[in-house]
1. Filter segment 92-119 down to the residues that are within 16 Å of the chain's Cα centre (by Cα), without any contact (Cβ under 8 Å) to a residue 24 or more places away in the chain and part of a loop (DSSP other than H, G, I, E, B) and list them by number.
2. Considering only segment 1-53, state which residues are assigned to a loop (DSSP other than H, G, I, E, B), among the acidic types (Asp, Glu) and touching a Phe, Trp or Tyr at 6+ places or on another chain (Cβ under 9 Å).
3. Which pairs have Cβ atoms under 9 Å, sit 6 or more apart or on different chains, and link a residue in segment 9-31 that is among the hydrophobic types (A, V, I, L, M, F, W, C) and buried (at least 16 other Cβ atoms within 10 Å of the Cβ) to one that is part of a loop (DSSP other than H, G, I, E, B) and modelled with pLDDT under 95?
4. Using beta carbons and a limit of 7 Å, which pairs, at least six apart or on different chains, have the first residue in segment 58-69 and closer than 16 Å to residue 123 by Cβ and the second one outside any strand (DSSP E or B) and among the basic types (Lys, Arg)?
5. If we scan segment 117-132, do we find a residue that is among the small types (Gly, Ala, Ser), touching a helix residue (DSSP H, G or I) at 6+ places or on another chain (Cβ under 8 Å) and within 27 Å of residue 73 (Cα to Cα)?
6. Failed condition for residue 122, given (1) under 14 Å from the mean Cα position of the chain (by Cα); (2) part of a helix (DSSP H, G or I), with all others met?
Amino acid sequence: MFVKQLNADDLTSFQQLLAIFREVFEIEKPEPDQAHLRQLLARPEFMVYVVGEDNRIYGGLTCYILQGYYDSRPQAYIYDVGITPEQQGKGLGKYLIDNFLHDCERNNLNAAYVEAEKDDEAAVSFYRANRFDEEMAALHFTRYF
């Protein structure tokens, strides 16, 4: 099993992860433009980790590094986490999160946080079981333009 942080040269791996996200989250939007994805991968405040086995990607996570104002150390906001359905329940998600959180600690981040919809019992159960210290009920508001 492997976990790898992608860099600007890993466009194909990022596209494979996005295909997994489209399946897991039932996203019907078209695949993003390659130039946009390359630009995103090159940004230091955006991170992508993939998990897999034998050179095959089975899932991953995307994360934004946010600089706060109360602490000089940044925080990691995990935006998406997904494992392909046929590989769920085999420990890949735990292995991915463990490696990611270890990198956050090693890089002196203040915290890592992730949101889950309260009725997504599988996600809530997963995060409760995987090294997160606090849980907070919150409402999420969005305005689309």
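1. The answer is 116, 117.
2. The answer is 45, and nothing else.
3. Final answer for the pair search is 18/27; 18/31; 18/32; 21/27; 24/88.
4. Partner pairs satisfying both residue conditions: none exist.
5. yes
6. Status for residue 122: all satisfied but (1).
Here's the yes/no breakdown for (1) out of contact with any Lys or Arg (no Cβ under 9 Å at 6 or more places or on another chain); (2) aliphatic (A, V, I, L, M); (3) at pLDDT below 90:
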residue	(1), (2), (3)
86	yes, no, no
95	yes, no, no
104	yes, no, no
133	yes, no, yes
137	no, yes, yes
142	yes, no, yes
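So that you can scan it fast, the table gives a plain yes or no per residue for (1) of a type outside the set (A, V, I, L, M, F, W, C); (2) at pLDDT 95 or above:
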{"residue": "6", "(1), (2)": "no, yes"}
{"residue": "16", "(1), (2)": "yes, yes"}
{"residue": "25", "(1), (2)": "no, no"}
{"residue": "30", "(1), (2)": "yes, no"}
{"residue": "36", "(1), (2)": "yes, yes"}
{"residue": "48", "(1), (2)": "no, yes"}
{"residue": "51", "(1), (2)": "no, yes"}
{"residue": "62", "(1), (2)": "yes, yes"}
{"residue": "75", "(1), (2)": "yes, yes"}
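The values are calculated or read from the model by the stated rules, or taken from the named source; none is laboratory data. Model, not experiment: these values are computed from the prediction. All Cβ positions, even for glycine, are placed from backbone atoms using ideal geometry, and neighbour counts span all protein chains on display.
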